[in-house]
Amino acid sequence: MKVTRFEGGRSTAIRALVVAVAGLGLTLLGGFFDPQRALQAYHVAFVYWAGIAVGALIVNMAFQAAKARWYVVVRRVLETIPLSSALFLVLFVPVLLGMGHLFPWVDPSHLEGELRRLAEHRRPYLNAPFFALRTAGYFGLWIAVSHLLHGWSTRQDTEGGAALTLKQRRLGAGALPFVGLAMTFAAFDWQMSLDLHLFSTIFGLYYFAGSFLAAFAVLILAVNASRAEGLPRALMNANHDHSLGKWMLAFVSFWAYIAFSQYLLMWIANLPEEVPWYLARSKTAWLPVGIFLAVFHFIVPFFVLLSRGLKRNPRALSFMAVWILIVHYVDVYWVMMPALRHDPEHGIAPHWTDLTALVGVGAAAVAFVVWRMRGRAGVPVGDPFLEESLRYEPS
Amino acid sequence: MSVEMRELTALERGTLEGAPVLVGRPDDRKLNDDLFLPVWEKTRRGWLALFGITLGLTGLLFSAIAYTFAKGIGAWGNNIPVAWAYDIINFVWWIGIGHAGTLISAILLLFQQKWRTSINRFAEAMTLFAVIQALLFPMIHLGRPWFFFWLFPYPSTLATWPNFKSPLLWDVFAVSTYFTVSLLFWYVGLLPDLAALRDASKSKAARIAYGIFALGWRGSARHWRHYRIAYLLLAGLATPLVLSVHTIVSFDFAVSQLPGWHTTIFPPYFVAGAIFSGFAMVLTLMIPARKVFGFEGVITQRHLDNMAKVMLATGLMVSYGYLTETFIAWYSGDKFESFVFFNTRARGPYAPIYWTMITCNVLVPQILWWRKARENTILLWIVSILVNVGMWTERFVIIVTSLHRDFLPSSWAMYRPTWVDWSILSGTIGFFGLLFLLFLRFVPSVSASEVKELRRELEHEAHAGAHAAKRAAPAARVR
Amino acid sequence: MASAATWVLAEFKDEAALCAAARRLRELGQQRLDAHSPVPLHGIDEALGLRKSPVPLIALIGGVAGVAGGYLMQWWMNAVDFPINVANRGFHSPPTNIPITFETGVLLASLSIVFGLFALCGFPRTHHPVFETEGFRTASVDALWLSAEVKAEDAEPVSRELEKLGAVQVSRVPEGL
């Protein structure tokens, strides 16, 4: 069997690039009118998309560590998505430049009472230089691991052999604890530290659960985007779709489990030092958003994804993937916005830069990933288990 | 330009695949004979000796319980503020151990893992016996255990209902559901083997006994049709159930406001710890059993290797829990929370227990990164025992250190277990062993019907692989 | 049911022959067929014309009943019949009702699956005519058997047909033995 190198996608990449420039440009324009609000919109979009890239990296690493074979056919896509962490490092610069407008701890002298005490207590950890250094470290790790995995896999396209598979498996397993820790602390830094009242040990898992789920949604959309020869879709069978759907189902449930655990424990203990975070989301205009998440981020997709027929139908599964991406954005927005804006009682008040930033950052990532897909085989042809993956038929 | 898809050489396949899940391709008859041998053979001396020891410990257990009933909870070392101690430590420890069985059976079935097949029966039995030990503890801690049924919602003359807002009641539902579902899952899985035992038995008594338990299984296509889907659905239900049980156990602590107990990571972290200790206990029991019964062909190096890896992975998750807890204890800026982590636990009177926990749960499992260590059965066995010890100390650290020094220094107190506490703990280990020995003697500890199916699948796969290679060959030539 | 039925049992060496024999007997108008094997066979459901198992539906009904029943029980007992205020969590307190609702859902679904399975298979059953043939006992060990419940007068031709279809051995058990 022969697989052609993927040389298409040129027009997709260019179109995505145009959208990205437009979206980011408009966000910048919004920044001239309302710098604070545009920056908030941008930070939410950044955390949303960067989480997906890291989520995809963790999916690949975990599957490598577990020696999974069925997913080999879609692995090239999964390897290419995390390469965008290099792009996200660049996209982090605006957040870094505007951090004084985003994070209350940057300048504790503005704060009063309990918040000031907390900011001063956390000073050794939450200070601008260390924050920048940490983020650089997270990205350094993600960029290194994703490039090594992608590099070995593409080298295997021409060289073949077992040694490169072993390398990928070993790095996948060995670096997983560190990549996971980096994601946890990224969640603490980028999201949790926005609200000084929030200190939740499960918070890293919350960010991971949503991002991991959204990474599967992006993977499903990416493989279903094109039926071009040499890309995974042409080689996949319904069992692959079924498995991808099962992973979405599993992580819809996992997300709900983590979200419910955090909510129940904080609500029931009702401690004045930690419950304000939920009060800001339940005694305000944000309450419907929380209920929306319970219904549309868990109950509805859970029951829809239970259907076997749906999981084996690529079109229907793509629809659910879009669904998941939307509700995951609502989730990230719900976690970050009330904290960013300090005025939850004034209502949700979405802003047009929310949309331009979301589309701009997302389109930039799409353009980057499509561009990185080009010039290589669309499936890891040198992988010794590709043939087995194509025959995937669980009994 | 195009690229050729590659074939794997036999040598490369060997490097990538590791040890086989089934050594050789024994036929059905041989599998039946080998795997049922422990049931048919004459009672071994070693078995009798172990049976005697565990019977003695079981006697100790029930004597200590009788003493507790006669004397009251005062027979234990519990005090105020340490009102929960060995009873709850042992409860959580045993229930945690009881998690691996259903996890191995259910989750690995959903993940289509072939190495599940020859260890699931064993692990599920372990689950049941561990849950029985776990259930004993809350029961004897009730104070008036003869009123245990007050926990259930039944229309009583008291005209009250239980308080469903308490995690302790959630526990009653979770643990009893878990025991029931695990028992059903285990029993349903046993049916084909019970029928095979019935049909292969030489004595009339055995035929009748196994015949009753086989319920009339005839391996009919109609049976299999319902059976397969029922088993899969049970696995699908058991998977979230396993997670829920230890989650709810963690709620017992985390819903409170006590520093060291109230933290949001508890649910997933307890679940990871449960799987960690459960796999450790499976290894502790399986390594000697496989040797004694000569099951190395069906419980291969591959099984041990995979279990060691799961232990490593869950051990890392537990370490992640310790790390985030400690970090957030500082980050929160809460004086009491930091005091528990940086003073009471790490440097307080129970510090040696805390550092034992760190050594056994965080440091020791790291050795499993090396394949040589995973391949060394004795070393693996020692690691698994240390993990069991480590997980027991973890529960001690969580429960006793958090309680013995809370907000007011004037109410601080030390906890010391009495001989009754020790007798009950060692007694449950004996009782657990006793039940396990009976299981090994009367029930096939490896599922023969599933290994038969596994062999067919492996043959089918090898056939499909060879077929695909043949198809690919001409294409390679035209190039 | 015909008063005088006979069970014809035939052992086969491989799966394909067994399925072919089942199909052939059905063509000949014999509908009361069954296959017996130590492991589930591929393609046998189709050969015997068996429909999809109703177990998933039973499980769904049990699960929904468990979830609804569990939640309603807690609501009625703690908010209606015996309202009790614990730590001001509210009489009707949805978050605290979730864990037990989940457990009762799983419990009822599992019980429905297992007892549904027993009911569908007719368990427990202490005896069955097929066990009158001692050779049939290999069906749970390593052999594949086809059983046909036929009218007494058909027993002879069906046995001959099965032998033609490649059965290794054929035996007959008259009903009511």
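A few points about this structure:
- Odd one out for residue C:141, checked against (1) touching a residue at least 60 places away in the same chain (Cβ under 8 Å); (2) open to solvent by 10 Å² or more (accessible area, probe 1.4 Å); (3) within 7 Å of chain B (Cβ to nearest Cβ): (2)
- Close contacts from segment C:36-53, counting a first residue that is at pLDDT 85 or above and a second that is of a type in the set (Phe, Trp, Tyr), with Cβ to Cβ under 7 Å and a gap of 6+ residues or different chains, come to C:36/C:145; C:40/B:224.
- Segment A:18-45 residues that are without any contact (Cβ under 8 Å) to a residue 60 or more places away in the chain, paired with ones that are in a helix (DSSP H, G or I) (beta carbon under 6 Å, 6 or more apart): none
- All conditions but one from (1) in a helix (DSSP H, G or I); (2) within 12 Å of another protein chain (Cβ to nearest Cβ); (3) within 29 Å of residue A:236 (Cβ to Cβ) apply to residue A:363; the one that does not is (2).
For (1) away from every other protein chain (no Cβ under 14 Å); (2) within 21 Å of the chain's Cα centre (by Cα), each residue gets a yes or a no:
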site	(1), (2)
B:243	no, yes
B:247	no, yes
B:252	no, yes
B:255	no, no
B:261	no, no
B:275	yes, yes
B:279	yes, yes
B:289	yes, yes
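- When segment B:149-182 is filtered for residues that are open to solvent by 50 Å² or more (accessible area, probe 1.4 Å), under 30 Å from residue B:107 (Cβ atoms) and of a type outside the set (Phe, Trp, Tyr), the ones remaining, listed by number, are B:151, B:168.
- The listed residue being open to solvent by 10 Å² or more (accessible area, probe 1.4 Å), assigned to a helix (DSSP H, G or I) and in contact (Cβ under 8 Å) with a residue 60 or more places away in the chain, out of A:181, A:166, A:149, A:171: A:171
- Residue selected from segment B:116-148 under the condition of a type in the set (Gly, Ala, Ser) and farther than 30 Å from residue B:455 by Cβ, by the criterion most open to solvent (accessible area, probe 1.4 Å): B:143
- Filter result for residue B:300 (open to solvent by less than 30 Å² (accessible area, probe 1.4 Å) and within 14 Å of chain A (Cβ to nearest Cβ)): no
- Filter result (open to solvent by 10 Å² or more (accessible area, probe 1.4 Å) and of a type in the set (Phe, Trp, Tyr)) within segment B:397-425: B:407, B:412, B:419, B:422
- Looking across B:127, B:180, one residue alone is within 14 Å of chain C (Cβ to nearest Cβ), polar (S, T, N, Q), within 16 Å of residue B:234 (Cβ to Cβ) and within 23 Å of the chain's Cα centre (by Cα). It is B:180.
- Note on segment A:65-106: enclosed helices (runs of 4 or more DSSP H) holding 1 or more residues that are under 30 Å from residue B:305 (Cα atoms) are A:75-80.
- So residue B:223, is it part of a helix (DSSP H, G or I), of a type outside the set (Asp, Glu) and closer than 30 Å to residue B:81 by Cα: no
- Conditions (1) open to solvent by less than 10 Å² (accessible area, probe 1.4 Å); (2) more than 9 Å from chain C (Cβ to nearest Cβ); (3) out of contact with any Lys or Arg (no Cβ under 7 Å at 6 or more places or on another chain); number of the one not met by residue B:189: (3)
- Restricting segment A:209-267 to residues that are within 10 Å of chain B (Cβ to nearest Cβ) and not in a helix (DSSP H, G or I) leaves a set whose member that is farthest from residue A:374 (Cα to Cα) is A:229.
- Exactly one residue among A:33, A:63 is more than 25 Å from residue A:239 (Cα to Cα) and not charged (D, E, K, R), and that residue is A:33.
- Residue within segment C:95-115 that is within 27 Å of residue B:218 (Cβ to Cβ), more than 8 Å from every other protein chain (Cβ to nearest Cβ) and at pLDDT 90 or above present: yes
- Residue match in segment B:135-149 (condition: more than 11 Å from chain C (Cβ to nearest Cβ), more than 26 Å from the chain's Cα centre (by Cα) and under 25 Å from residue C:67 (Cβ atoms)): yes
- Residues in segment A:242-278 that are over 19 Å from residue A:223 (Cβ atoms) and of a type in the set (Ser, Thr, Tyr) were compared, and the one that is most open to solvent (accessible area, probe 1.4 Å) is A:263.
- Among (1) open to solvent by 40 Å² or more (accessible area, probe 1.4 Å); (2) within 14 Å of another protein chain (Cβ to nearest Cβ); (3) of a type in the set (Gly, Ala, Ser); (4) under 26 Å from residue A:194 (Cα atoms), the one test that residue A:307 misses: (4)
The values are calculated or read from the model by the stated rules, or taken from the named source; none is laboratory data. Everything numeric here is computed off the predicted structure, so don't read it as measured data. Counting neighbours? That spans all protein chains shown, and the Cβs are built from the backbone with ideal geometry, glycine included. Note: areas computed on protein heavy atoms with side chains; ligands, DNA, RNA excluded. Shrake-Rupley method; radii C 1.70, N 1.55, O 1.52, S 1.80 Å.
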